[in-house]
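Q: Would you mind keeping the following structure in view while I ask a few things?
The values are calculated or read from the model by the stated rules, or taken from the named source; none is laboratory data. Since we're looking at a predicted model, the values are computed, not measured. Please note: Cβ atoms are built from the backbone with ideal geometry, for glycine as well, and neighbour counts cover all protein chains shown. Surface accessibility is based on the protein's heavy atoms, side chains included, excluding ligands, DNA and RNA. Shrake-Rupley method; radii C 1.70, N 1.55, O 1.52, S 1.80 Å.
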Amino acid sequence: MARDCNAVRSTPPGILLIRKVRGRNWSFKTYRYVVLLVTFIAYATYHASRKPSSIVKSVLDPEHQKGNGIIYPWPIGDFFVKKEDVDISYQEGWKPFNGKDGTYKLGEIDVAFLACYSMGLYVAGHLGDSLDLRLVLTTGMIGSGTFVGLFGMGYFWDIHEFWFYLVMQMVAGLFQATGWPSVVAVIGNWFGKRKRGLIMGVWNAHTSVGNISGSLLAASVLEYGWGWSFILPGFSIILGGLIVFIFLAAYPEDVGFSNPDDFLETPKTARGGDEEARFNKEVETQGMIRFGSTSKKSVGILQAFAIPGVIPFALCLFFSKLVAYTFLYWLPFYLSQTDIGGEYISVKSAGNLSTLFDVGGIVGGIMAGYISDKLKARATTAACFLYAAIPAMLLYRQYGSVSKTVNVLLMVVAGLCVNGPYALITTAVSADLGTHSSLKGDTRALATVTAIIDGTGSVGAALGPLLTGFLSTKGWDSVFIMLMLCALIAGLLLSRLVIAELTDRKHQRSSSFDNDHSSGGSGSQPLLNDQR
């Protein structure tokens, strides 16, 4: 049953050109690969454009390096740099960040960015479900790149007013909010629930790839003036936005396919054969009838809050992201202040070493996604990782100073346990809830639900580093106690969902046993299903 073709959004121009050259459409599977690649590039550039401020802080409120000027970050430079090789003597810096309150002002900019990002998520999510995701992403990426670049132009325009840099970061934060809800919604549109956890766990590596590439881009041009460290990453996200506009098909309906959940999520025993091939064949026999994505309605924010599971996962992410972002912002400083194997490492080495926490996070995200797919239990998987993070952080605090090798191993394990549930909730869980069975078939809530969950989590992300700044003056044991308590609370918030999943699983096993018993044994049951 075809819908009104006038409601169809325009097909991306790059895809139209490829169709014209090839003389036929891509397969559904090929579109999925393209969507994964384009959204991976898109969000990697979002994160790359957030890194310049952390790289340039040492120049604005400087810690001048000895030797030949700039010491490049790993992997371009050495991984470990001796503390005595780094001179912590202050040079001129850049007004207004080179005064006694310079560090405080840099912190204000970070908090302002995160605050605007958090608030912007709620609006951006609703816009993503109401408007064309491709255009929302393109606008957000070009806007982000523009204001990141304008921050860097303050160097060339010789601007020394604090309000200018504060406003640039605030507006950039608002545009950055368009990214996560939109890319998760696009992936949710193209991939059904069956393997969504594993796929999105691997795909979520774009965050770490973006962080590393952003650091390298910013550091590679820092010697020519700190302004270039913002302009180059800003240009990269604008370029990424153009790629999105040209090649991203945000909805299967807009390139001639019906929703994958309508077919691919049907039980395999009811279909038989290769479901992907049958799905493509079905589309071809329909004469490439296009189903307009605009005929779907977006839900309101209050309606999205009412979806079962949204509030518990949002509150869980508040505490989970608080822990993750505390490590993100404070781990390098903690490492530089900690005796590891009988010696203190330089700030440079601490920054290099902290990247291994992200490596553990990549592995954790993939593991959490894969396990949750196998168990069909997102909440149980997330809760188990959160509870495992408590002893992991305790061991890291107690034994991380034994040696560099032990520190690395325990850091990777801590990153795995901390970032695993964080990655799972912001990807597969958000996509699942955005397509929840309680929604009507003609509604869209993917971007709105993702924005609610990640927006609530981002409030925790802003609060964690602030609390750490206060508690660290009382000793690092206080900080780790706070982090362990937050992980415990995050796990407990999922208790009702975990009980529901375990109860449902018990009922399914009981029902399966009853069916096997009534059919005369488990061995004959598959045959009966096939005959049906």
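Q: Among (1) modelled with pLDDT of 85 or more; (2) more than 18 Å from residue 330 (Cα to Cα), which single condition is residue 411 missing?
A: (2)
Q: Return the total of residues in segment 36-49 being under 16 Å from residue 235 (Cβ atoms) and open to solvent by less than 50 Å² (accessible area, probe 1.4 Å).
A: 7
Q: Also, quick follow-up: Residues being at pLDDT below 50, more than 27 Å from the chain's Cα centre (by Cα) and not basic (Lys, Arg): count how many of those fall in segment 41-78.
A: 8
Q: For the condition within 15 Å of the chain's Cα centre (by Cα), part of a helix (DSSP H, G or I) and surrounded by fewer than 22 Cβ atoms within 10 Å (Cβ to Cβ), what is the one hit in 182, 208? Reasoning before the result, please.
A: On the way: 182 fails: surrounded by fewer than 22 Cβ atoms within 10 Å (Cβ to Cβ).
Result of the check over 182, 208: 208.
Q: Of 392, 382, which residue is under 23 Å from residue 427 (Cα atoms) and among the aliphatic types (A, V, I, L, M)?
A: Of 392, 382, the one residue that is under 23 Å from residue 427 (Cα atoms) and among the aliphatic types (A, V, I, L, M) is 382.
Q: Got a sec? Which of 494, 463 is among the hydrophobic types (A, V, I, L, M, F, W, C), surrounded by 24 or more Cβ atoms within 10 Å (Cβ to Cβ) and modelled with pLDDT of 80 or more?
A: Selected residue: 494, the only one of 494, 463 that is among the hydrophobic types (A, V, I, L, M, F, W, C), surrounded by 24 or more Cβ atoms within 10 Å (Cβ to Cβ) and modelled with pLDDT of 80 or more.
Q: Among the residues of segment 368-391, is there at least one that is open to solvent by less than 40 Å² (accessible area, probe 1.4 Å) and among the acidic types (Asp, Glu)?
A: There is at least one residue in segment 368-391 that is open to solvent by less than 40 Å² (accessible area, probe 1.4 Å) and among the acidic types (Asp, Glu).
Q: Within segment 301-328, which residues are open to solvent by 10 Å² or more (accessible area, probe 1.4 Å), in contact with a helix residue (DSSP H, G or I) (Cβ under 7 Å, 6 or more places away or on another chain) and under 15 Å from residue 114 (Cα atoms)?
A: Selection gives 318, 325.
Q: Of the conditions (1) in contact with a Phe, Trp or Tyr (Cβ under 7 Å, 6 or more places away or on another chain); (2) in contact (Cβ under 8 Å) with a residue 60 or more places away in the chain, residue 175 clears all except one; give me its number.
A: (2)
Q: Just to check your reading of the model, which residue among 238, 199 is closer than 30 Å to residue 363 by Cβ and either at pLDDT 85 or above or over 18 Å from the mean Cα position of the chain (by Cα) (or both)?
A: So the residue among 238, 199 that is closer than 30 Å to residue 363 by Cβ and either at pLDDT 85 or above or over 18 Å from the mean Cα position of the chain (by Cα) (or both) is 199.
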